[in-house]
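> Take this structure, written in structure tokens, and hold onto it; I'll ask about it next.
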Amino acid sequence: MPVIDLEFDLNETERAVRDTAHRFATEVMRPVGDKLDKMSAEDVIAKDSLLWDAHKQYNDLGLREVDPDLSPIEQARISCLISEEMGWGDSGLAISFGAGAMAGGMAANSGNAELAARFPQGTNGCWAITEPNHGSDMIDFGDAIMAPGATRSRADCIARADGNEYVISGQKAAWVSNGTIAEQAALYCAMETADGKKGGGVILVNLKSKGVSRGKALEKIGQRALNQGEIFFDEVRVPADNVLYGPDLYQFAIDQTLTGANTGMALTFTGLARAAFEEALDYAKTRVQGGVPIIQHQSVKARIFQMYRKVEAARCLARKVAMSNAAGNGNLGPAIAAKVTATQTAFEVASDALQIFGGNGISREYPIEKMLRDARISMIEDGCNDVLGLVCADKLVEE
Ligand SMILES: Cc1cc2nc3c(=O)[nH]c(=O)nc-3n(C[C@H](O)[C@H](O)[C@H](O)COP(=O)(O)OP(=O)(O)OC[C@H]3O[C@@H](n4cnc5c(N)ncnc54)[C@H](O)[C@@H]3O)c2cc1C
């Protein structure tokens with residue numbers, strides 16, 4: 001933030017990582033994200049697309065793996081800075097990088113070296129949970145959002161035990177981030193185990209397996225650098241060792257995953273909010289109307305202040321939740337509060353920025369209209385904000 005620097009307590013390493021991430025966000029993510037935004041969804045994932053070089057440069061920079069010798073809190077402090085810069089650069093690319101790391105990250109954390117070798121980090125992955133007939137209800141364990149007397153419809157995707165393997169049949173929805181390009185998936189779906197248990201489960205799937213096919217890349221209004229699409233499973237066989245969580249631990253797994261994902265969303269969209277604020281501030285200082293730069297008009301000044309305080313507030317909550325998670329105090333309620341706050345802030349600040357840009361705000365020659373589109377869909381991503389709010393409220397009532 002150029003105004004008043006609240007980053008007074010960053011150490012030398014943290015400043016260096018932040019500066020590296022910011023340079024990458026400025027020199028690679030912004031220009032690439034802008035170009036991908038103007039291309040068709042199919043061209044975004046074409047062989048000669050700029051997308052692949054952006055992914056490669058991100059991997060080469062080593063931003064994916066924070067020094068494992070640091071304490072969890074130290075690692076989290078650095079991750080906060082990186083996530084915010086990635087969101088500042090291009091939120092679609094940021095989410096593509098983040099979702100891409102999920103399957104490999106879960107394999108690495110499983111404690112199973114053989115699984116980690118088969119699902120390496122750095123290989124592009126995805127989180128496949130949403131189904132055509134199951135969106136919001138996939139995260140509603142306490143039936144917080146079920147209408148009275150309603151029952152859940154059948155799963156669209158199921159993994160059934162068969163000897164030492166699971167056989168997966170069905171499909172995931174068109175909203176899966178990296179859905180048409182991922183090579184490995186963390187698949188969250190209905191499961192029937194060998195000992196007759198039924199429920200949900202988490203299973204790692206190599207998406208090059210026989211029986212896997214993909215839908216078309218989704219055309220959408222924002223985060224267009226983030227490819228999304230359906231994944232189909234036609235009797236896909238995977239080793240039983242690939243199961244990370246069975247029905248007994250499924251709710252725990254979803255809670256953990258959403259806690260991490262919602263915290264990541266909060267940090268990333270704080271970055272987008274900050275980007276929109278900075279653009280608006282710069283523009284207001286140079287655009288002259290009524291004989292003076294528009295920043296000198298009181299209503300513009302007042303708007304700038306509201307944007308500034310919202311960005312700092314979103315950032316504070318996002319980082320506080322990230323630190324709490326790193327301290328072993330991870331909890332879905334606060335993560336939801338941070339995600340809803342940051343994405344709502346990103347949308348409001350981008351909308352205010354568009355107002356400050358006036359007619360130029362709606363032009364594709366300026367970055368603001370894209371930021372507004374990118375921010376809007378973050379309020380649906382990783383759970384609709386209104387449904388997440390109900391899930392959080394349910395937890396507050398339980399306490
Ligand atoms: C950019 C983006 C990235 C995404 N990435 C992934 C991904 O990587 N993997 C993945 O699996 N999915 C992903 N999703 C899917 C996302 O998680 C779902 O879109 C979201 O959970 C909502 O599901 P839905 O779209 O089916 O909406 P629905 O559940 O059909 O909801 C539609 C509307 O109805 C409201 N609503 C629904 N049920 C209730 C209720 N009981 N009470 C009150 N209101 C209700 C919702 O709030 C919403 O406004 C992504 C989505 C987006 C936009």
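The values are calculated or read from the model by the stated rules, or taken from the named source; none is laboratory data. These numbers were taken from a predicted model, which means no experiment stands behind them. Glycine also receives a Cβ, built like all others from the backbone with ideal geometry; neighbour counts cover every protein chain displayed. Each accessible area value is taken on the protein alone, full model and side chains, heavy atoms only, with ligands, DNA and RNA left out. Shrake-Rupley method; radii C 1.70, N 1.55, O 1.52, S 1.80 Å.
> Would you check the accessible area of ARG77, probe 1.4 Å, heavy atoms only, in square angstrom rounded to 10?
Approximately 70 Å² for this residue.
> At 4 °C and 1.567 mPa s, grab the translational diffusion coefficient of the range 108-236 from Stokes-Einstein with a Kirkwood Rh over Cα pairs, rounded to a whole number in µm² per second.
D, rounded to a whole number, is 82 µm²/s.
> What translational diffusion coefficient, to the nearest whole µm²/s, does the chain have by Stokes-Einstein, given a Kirkwood radius computed over alpha-carbon pairs, a temperature of 20 °C and 1.002 mPa s viscosity?
D = 98 µm²/s.
> Once each part is reduced to its C-alpha centroid, what is the distance from the range 373-391 to the range 106-179 in angstrom?
That distance is 19 Å.
> For the chain, report the accessible area per residue in Å² (1.4 Å probe, heavy atoms, rounded to an integer).
45 Å²
> Got a number for the accessible area of HIS134? Probe 1.4 Å, square angstrom, nearest 10.
10 Å²
> Also: Would you list which lysines come within 18 Å of LYS210, measuring only between C-alpha atoms, while excluding same-chain residues fewer than 8 positions from it?
LYS172
> Under 5 Å between amide hydrogens, which residues at least 5 positions from TYR245 or on another chain qualify, with H placed 1.01 Å from N in the peptide plane?
Those qualifying (amide H under 5 Å, at least 5 residues apart or on another chain) are VAL202.
> Applying the Karplus parametrisation 6.51 cos²θ - 1.76 cosθ + 1.60 with θ = phi - 60° to the phi angles of the range 78-90, what ³J(HN,Hα) value in whole Hz is obtained for each residue in order, glycine and proline being reported as x?
6, 4, 4, 5, 5, 4, 5, 5, 4, x, 5, x, 6
> Kindly provide the Kirkwood hydrodynamic radius of the range 86-159 in Å, to one decimal, from all pairs of distinct alpha carbon atoms.
In the range 86-159 this quantity evaluates to 15.1 Å.
> Please express the shape of the range 12-108 as an equivalent ellipsoid: the semi-axes are the square roots of 5 times the eigenvalues of the C-alpha gyration tensor, given largest first in whole angstrom. Can you show the working numbers first?
On the way: eigenvalues 126, 48, 20 Å².
After scaling each eigenvalue by five and taking roots: 25, 16, 10 Å.
> Continuing with this model, one more query. Expressed in whole Å with the largest first, what are the equivalent ellipsoid semi-axes of the range 346-385 derived from the C-alpha gyration tensor as the square root of 5 times each eigenvalue?
21, 10, 5
> Before rounding to the nearest 500, sum -39500 (n - 2.57) across all DSSP H runs of length at least 4 in the chain and divide by the residue total; then give [θ] at 222 nm in deg cm²/dmol.
Calculated at 222 nm, the ellipticity per residue is -16000 deg cm²/dmol.
> Please enumerate, by chain and number, the aspartates and glutamates with C-alpha under 17 Å from the C-alpha of LYS220, excluding those fewer than 8 residues away in the same chain.
Counting by Cα, and skipping residues close in sequence, LYS220 has these aspartates and glutamates nearby: ASP34, ASP37, GLU42, ASP43, ASP90, GLU230, GLU369, ASP374, GLU381, ASP382.
> Tell me which residues come under 5 Å, amide H to amide H, from TYR166 once H is placed; ignore anything under 5 positions away on its chain.
Result for TYR166 returns VAL238, ALA240.
> Each residue of the range 11-21 in turn: what ³J(HN,Hα) in whole Hz from Karplus with 6.51, -1.76, 1.60 and θ = phi - 60°, glycine and Pro shown as x?
Karplus-based 3J(HN,Hα) across the range 11-21 equals 8, 4, 4, 4, 5, 5, 5, 4, 5, 5, 5 Hz.
> Here is a follow-up. Consider just the alpha-carbon atoms of the range 26-71 and return their Rg together with their Dmax, both in angstrom.
Spelled out, the Cα radius of gyration and Dmax of the range 26-71 are 13.6, 43 Å.
> While we're here: Please work through the chain and write down the cysteines that have no neighbouring cysteine Cβ at a distance under 4.7 Å.
CYS80, CYS126, CYS316, CYS384, CYS392
> In whole Hz, with x marking every Gly and Pro, tabulate ³J(HN,Hα) for the range 299-316 from phi via Karplus 6.51 cos²θ - 1.76 cosθ + 1.60, θ = phi - 60°.
5, 5, 4, 5, 5, 4, 4, 4, 5, 4, 5, 5, 4, 5, 5, 4, 5, 4
> Amide H of ALA101: which non-local residues (sequence gap of 5 or more, or other chain) have their own amide H closer than 5 Å, using H built in the peptide plane?
GLY125
> In the chain, what percent of the accessible surface is made up of carbon and sulfur (1.4 Å probe, ligands and nucleic acids excluded)?
Carbon and sulfur: 52 percent of the exposed surface of the chain.
> If you don't mind, another one. Take the alpha carbon atoms of the range 16-40, find their center, do the same for the range 237-260, and report the distance between the two centers in whole angstrom.
After rounding, the separation between the Cα centres reads 33 Å.
> Heavy atoms of the protein only, probe of 1.4 Å, neighbouring chains included. What is the accessible area of TRP127 in Å², nearest 10?
40 Å²
> Taking the Kirkwood radius as the inverse of the mean 1/r across Cα pairs, report the Rg/Rh of the range 252-398.
Radius of gyration over Kirkwood radius for the range 252-398 works out to 1.07.
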